[in-house]
Amino acid sequence: MTNDIDGALKDYFGFDHFRGGQREVIEHLMEGHSAAAVFPTGAGKSLCYQLPALLKSGLTLVVSPLIALMKDQVDAMARRNIAASQLDSSLSLDEYRDVMARVRNGQLRMLYVAPERFNNERFRAAIKGVEISLFAVDEAHCISEWGHNFRPDYLKLAGFARDLNAKCVLALTATATSKVLEDVCVGFEIAPECAVRTGFYRSNLTLLMTPVAVGDRDDLLLAKLRERATGSTIIYVTLQKTAQEIADRLIEAGYSARAYHAGMKPDVRAGIQDWFMGSSEGIVVATIAFGMGVDKADIRFVYHYNIPKSLENYSQEIGRAGRDDQPSICEAFICHDDRFVLENFVYGDTPTLNALRGLVNTLFTQEERFDVNLYELSSAHDIRALVLRTLMTYLELEGYLRGGTPFYADYQFKPLMSSREILGQFEGSQTDFLAGIFKQSVKKRIWFHIDPEKTARALDCDREKVIKSLDYLGDRQMFEVKAAGIRHRYQRLKIPDDLYELAGQMFARMEKREDAEITRLVQVLDLASLDSCQINALAAHFTETRSEPCGHCSHCLLGPQHFPKEEPPAIDEGLVAGVQDLLSSEQNTQVLNDPRSLTRFLCGITSPGISRARLTRHNLFGSLSRIPFKQVRDWIELQKIV
């Protein structure tokens, strides 16, 4: 086996030696054991599944959360003449069919998919008969609900791997505490001795944590940029609007800077990333949407304009600096005012107990098989969309529901020629069927709207035939077709004995997660004010023990630092009358019906219900945004306002 993997390393990848940990992981997999790899960002995790994929019979199925990252890796495999492909939303129907045909024919060595792909019943059925030699999961820490980047679709991956009879599993991550790694190993049935963790410590990174007041932060950033040599730079911020504001200010100061955040269109984000990759002095001011999949070796500086929301996020973001092993500086500006903004993100995710009671009542009074629009459900019960998906996943994992393939409920089309010209290109029953589609559609100003379910019933056919016909006309340039209104199918498997008890259990789970997120934020502030080597403490968080001070963190270079804490302002007791006037409206009372929802409103935290009622325009919205959430909630409960 040693000769096989060494030969493949040289022949396919051009390397003479493995990096730390790679050989150990690959040997576990080649012996038929599942494994976990916890390697720092840029330490070569992908090789751990790419090389076994060449030596094992069958398909290596790679689950990755980023389309851009999939594409980069597929392109890299193509340059090495290795057959790999990806399935994502950008593929046409014909492209999808071609990829699946190559999977079934054994022509592909690797197939990259997003975790959400497994929600598609057709894909699950198509892949079930394929020999899966390796089921590789990138960003595997997302499986742990106590991790820093929990994604509900990841929770179901272990079950899918078992359903597909995958010969072995590889879980990969750059950031995992001992608790998160334990969750990953238990979930994927990985023996502890097959979990390989390499060192966190990197001697070329200088880690600085600098106290700063809100009003001084912009000037401090400009001063740091001026006093240091130029080089590729990432500046991380919390809010999208901050990214644009800071980028604009840097451009005014003469720097080559761009903003980057999830609110931009995909092609704009891709253009900024390409620009940054080709620049030696470019500055990207970004939310955490930027970084995953950015394989740039010469990033010299990483700044945190706002404090990171966890040590895991922080370590992942600074890990993008200095991958060429050259000296690089990572500096975090520690401003305690940021804490309230980040805490509010956390508190805004926890639904009220009443919201959860309403949700479970809606779900368990449906027919045995039902479908829902998650955004409509989110709005109706005032639960954020991602949180709702997490709750639905919990109900699936606990055996109450089984998810099916999502579908689009609303199709729109715009004819690119007259209906007579279109129908004239078909004959007999095809003409009659297409005429029926026209008859069932409703014309708005320009676009025709059609309900595929209703149309299928009217034309006595299955829904799939209606969709295929629309897609066919679109492919033939007779129609321009758009799909919207995605709905998710579910089957109810059992009904809870007590709906209120189930809602209470879900609420307790969300509160526990809320406490864990707040604890993660506090850990960042504790690290900043630590009276000992900060790099050693950060390494210890990821279970690496170091005995000697690093010599290149803030504490080692500058000694203990003072981080002044500003006391939040007192709550004006005159606010009570204003809140009571706000709640005199029945519509407002329906949304702000308990202390938690009213606290969200006063702290400036949006929710589906607050947005729907247009309460973000109210003069009291965000009036207590500089006061801690728990302090505001305690005040509301003391005043007995709701």
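The values are calculated or read from the model by the stated rules, or taken from the named source; none is laboratory data. All figures in this text were calculated on a predicted structure; none of them were measured in a lab. Please note: Cβ atoms are built from the backbone with ideal geometry, for glycine as well, and neighbour counts cover all protein chains shown.
Just one of (1) touching an Asp or Glu at 6+ places or on another chain (Cβ under 9 Å); (2) more than 24 Å from Tyr375 (Cβ to Cβ) fails for Arg612. It is (2). Of Leu401, Leu374, all but one fail to be over 19 Å from Ile605 (Cβ atoms) and buried (at least 18 other Cβ atoms within 10 Å of the Cβ); the exception is Leu401.
Each residue in region 535-576 was checked for being under 22 Å from Phe39 (Cβ atoms) and part of a helix (DSSP H, G or I), and 7 pass.
Residues that are at pLDDT 90 or above and closer than 23 Å to Asp325 by Cα were ranked within region 41-59; the one that is surrounded by the fewest Cβ atoms within 10 Å (Cβ to Cβ) is Leu47.
Considered as a group, the residues in region 63-103 that are assigned to a helix (DSSP H, G or I) and of a type in the set (Asp, Glu) include one that is nearest to the chain's Cα centre (by Cα), and that residue is Asp72. Here region 114-130 is the region considered, the condition is being more than 14 Å from Pro406 (Cβ to Cβ) and surrounded by fewer than 20 Cβ atoms within 10 Å (Cβ to Cβ), and the residue that is modelled with the lowest pLDDT is Ala125.
When restricted to residues that are surrounded by fewer than 20 Cβ atoms within 10 Å (Cβ to Cβ) and not in a helix (DSSP H, G or I), region 22-40 contains 3. Annotation: of all residues in region 441-465 being surrounded by 13 or more Cβ atoms within 10 Å (Cβ to Cβ) and β-branched (Val, Ile, Thr), the one that is nearest to Phe370 (Cα to Cα) is Thr455.
Within region 257-267, can one find any residue that is under 24 Å from the mean Cα position of the chain (by Cα), basic (Lys, Arg), in a helix (DSSP H, G or I) and over 29 Å from Ser203 (Cβ atoms)? Reasoning before the result, please.
The initial filter retains those residues of region 257-267 that are under 24 Å from the mean Cα position of the chain (by Cα), namely 258-267.
Filter again for basic (Lys, Arg), leaving 258, 265.
So of that shortlist, the ones also in a helix (DSSP H, G or I) come out as none.
Among the residues of region 257-267, not one is under 24 Å from the mean Cα position of the chain (by Cα), basic (Lys, Arg), in a helix (DSSP H, G or I) and over 29 Å from Ser203 (Cβ atoms), which makes the answer no.
Residue-wise test of (1) closer than 25 Å to Asp138 by Cβ; (2) in contact (Cβ under 8 Å) with a residue 12 or more places away in the chain; (3) surrounded by fewer than 21 Cβ atoms within 10 Å (Cβ to Cβ); (4) not assigned by TED's automatic domain parsing to the domain that holds Ala76.
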residue: Ile246; (1), (2), (3), (4): no, yes, no, yes
residue: Ile251; (1), (2), (3), (4): no, no, yes, yes
residue: Ile272; (1), (2), (3), (4): yes, yes, yes, yes
residue: Phe290; (1), (2), (3), (4): yes, yes, no, yes
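Evaluate the following for Tyr347: is it part of a helix (DSSP H, G or I) and either assigned by TED's automatic domain parsing to the domain that holds Leu602 or touching a residue at least 12 places away in the same chain (Cβ under 8 Å) (or both)? Answer is yes for this residue. Any chance region 123-132 includes a residue that's within 30 Å of Phe200 (Cα to Cα), outside any loop (DSSP other than H, G, I, E, B) and either of a type in the set (S, T, N, Q) or touching a residue at least 60 places away in the same chain (Cβ under 8 Å) (or both)? Within region 123-132 (the criterion being within 30 Å of Phe200 (Cα to Cα), outside any loop (DSSP other than H, G, I, E, B) and either of a type in the set (S, T, N, Q) or touching a residue at least 60 places away in the same chain (Cβ under 8 Å) (or both)), the answer is no, since none of the residues qualifies. If you go through region 436-452 and pick out every residue that is under 15 Å from Arg463 (Cα atoms), more than 33 Å from the chain's Cα centre (by Cα) and in a loop (DSSP other than H, G, I, E, B), you end up with 1. Elements of the type helices (runs of 4 or more DSSP H) sitting completely within region 352-427 and holding at least 1 residues that are of a type in the set (D, E, K, R) and under 29 Å from the mean Cα position of the chain (by Cα): these cover 353-363, 374-381, 385-397.
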